[in-house]
């Protein structure tokens, strides 16, 4: 597979991923009793995020869908070799857009159907945080960055299950927490083990990081 990244319009993915958090910030200053305004801000933010996603689709080079596009790589947490590396290819693009479409549709449906016990402001805020986590998991090109976005997804899901779930919501949220906690711990251990093994076999161990590109260049050739 040709893994050479295309670096045009690098700002697009970061904007599409973190724009929902701007809506969350605005909603924090809206009184809880003003539900219509809170819902309006949340829906407007979701629609604006989808607009960024549609523009991303239009700018995507479908003739080179096997390559990472809108690629960017920057230092993030240097002591643990984690980088802020993001990009989209022909597989992750539809999933990235789908997460935005679903968020808008769920908000439209929930406008007059906020589950018991209500509190539309908190419910819509969690949906926007969930959108950021979902989008981030599809664009992440670094194992640690992927892990962080994955955990961001779990946090609003836990509260949405525990507060707005069905009759056994507390039991369901507890099981969700336990399964994801142990699953996440094992996943992180696997990431670290993969990093150590690959670094020991790399031509230049000092250049090691958790980016997918580095693993692709330094991993064993199994072809």
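Taken together, 48, 38 contain a single residue that is in contact with a helix residue (DSSP H, G or I) (Cβ under 7 Å, 6 or more places away or on another chain), closer than 15 Å to residue 120 by Cα and either part of a helix (DSSP H, G or I) or without any contact (Cβ under 8 Å) to a residue 40 or more places away in the chain (or both), which is 38. When each of 92, 65 is tested for being more than 18 Å from residue 149 (Cα to Cα) and without any contact (Cβ under 8 Å) to a residue 60 or more places away in the chain, the lone residue that passes is 65. Evaluating residue 72 against the criteria (1) assigned to a strand (DSSP E or B); (2) touching a helix residue (DSSP H, G or I) at 6+ places or on another chain (Cβ under 6 Å) leaves one unmet condition, (2). Summed over the range 200-214, the residues that are touching a helix residue (DSSP H, G or I) at 6+ places or on another chain (Cβ under 9 Å), surrounded by fewer than 18 Cβ atoms within 10 Å (Cβ to Cβ) and free of Cβ contacts under 8 Å to residues at least 60 places away in the same chain give a count of 6.
Scanning the range 42-88 for residues that are surrounded by fewer than 19 Cβ atoms within 10 Å (Cβ to Cβ), under 16 Å from residue 7 (Cα atoms), modelled with pLDDT under 95 and under 18 Å from the mean Cα position of the chain (by Cα) yields one hit, 74. Report whether or not residue 123 is out of contact with any strand residue (DSSP E or B) (no Cβ under 7 Å at 6 or more places or on another chain), under 25 Å from residue 13 (Cβ atoms) and surrounded by 16 or more Cβ atoms within 10 Å (Cβ to Cβ). In short, no.
The values are calculated or read from the model by the stated rules, or taken from the named source; none is laboratory data. Note that the structure is predicted; figures quoted are calculated from it, not measured. All Cβ positions, glycine included, derive from the backbone under ideal geometry; neighbour counts span all protein chains shown.
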